[in-house]
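Here is the structure we will look at, set down as structure tokens.
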């Protein structure tokens, strides 16, 4: 699936988006897989309370299922306005 | 209702006037405008605003649609910029039109509270010494949503 990163998550991981082959069934499981990859992922996902996730461009949460999801985005809390 | 996510500058006066002209049956129009301010210590040279192109417009439209349904609004306008902005530049504006001012004010506040915490924008301050800081979200911004 397509995984997108924004703001300091993007900077820490070093790419804005990438294709990830995964059998993870939940967001939390995907995060565990990514953390195990390299230090930069472990650093970006060190504190999940500082992160938000969107599934197919809708805000979601880390317990959510990835069933049928095509695009996952990770980012810090939003600061619009 | 109009939602615009744009890199270009916008003219507050022109936008407000066009909105008023399109809503001559409204009894009240409220506008709010956000401006890039100087950092407390000074030295801010730019505010870089990143967004999530696939999601931004959809999120803003949902927020504006909810405001239209929840208050007795005739119309709503949301403009939000992204990219590199200098201090003093306009970041965003909302406008609401209603029969009465209470609906127009409340809906504008609702739009602002949700824009702050639920629209996928992230701000980074660029300082004169080259330092860059991502603006952290504030607990009070999240708390502000609970009143709605």
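Taken together, the values in this text are just the output of simple stated rules run on the coordinates, not laboratory data. Bear in mind the structure is a predicted one, so any value in this text is a computation, not a measurement. Glycine also receives a Cβ, built like all others from the backbone with ideal geometry; neighbour counts cover every protein chain displayed.
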Task: Cubic angstrom per residue, convex hull over Cα atoms of the range B:2-145 - done: 107
Task: Within a Gaussian network of chain A (alpha carbon springs, distance under 10 Å), most fluctuating of A:29, A:42, A:50 - done: A:50
Open item on the list: Angle check, please: helix B:12-22 long axis (alpha carbons) against the longest principal axis of chain B (alpha carbons), in degrees 0 to 90, nearest 10.
Closed with: 20
Open item on the list: Once R0 is set to 35 Å, what does the formula 1/(1 + (r/R0)^6) return for the Cβ-Cβ distance between residue B:131 and residue B:66, expressed as a FRET efficiency to the nearest 0.05?
Closed with: 0.40
TODO: In a Gaussian network model over chain B where Cα atoms closer than 10 Å are linked, find which of B:127, B:115, B:73 has the largest mean-square fluctuation.
DONE: B:127
Task: Angle in degrees between helix B:101-118 and the longest Cα principal axis of chain B, rounded to the nearest 10 - done: 40
Task: Distant alpha-carbon pairs in the protein assembly as shown (separation over 22 angstrom), percent - done: 56
Open item on the list: Based on alpha-carbon centroids, what's the gap between the range A:1-59 and the range B:91-148 in Å, whole number please?
Closed with: 25
Open item on the list: Please compute the modelled spin-label separation between residue A:46 and residue B:1, points set 7 Å along Cα→Cβ, answer in nm with one decimal.
Closed with: 4.1
Open item on the list: Ignoring everything except DSSP H segments at least 4 long, calculate the 222 nm mean residue ellipticity for chain B; use -39,500 (n - 2.57) per segment, divide by total residues, nearest 500.
Closed with: -11500 deg cm²/dmol
Open item on the list: Tell me the angle of helix B:53-70 to the major Cα principal axis of chain B, expressed in degrees between 0 and 90 and rounded to the nearest ten.
Closed with: 40
Task: Residue of B:93, B:55, B:112 that the Gaussian network model of chain B assigns the largest fluctuation, springs spanning Cα pairs under 10 Å - done: B:55
Task: Cα gyration tensor shape for the range A:2-75, rounded if a/c is under 1.5, else prolate or oblate - done: rounded
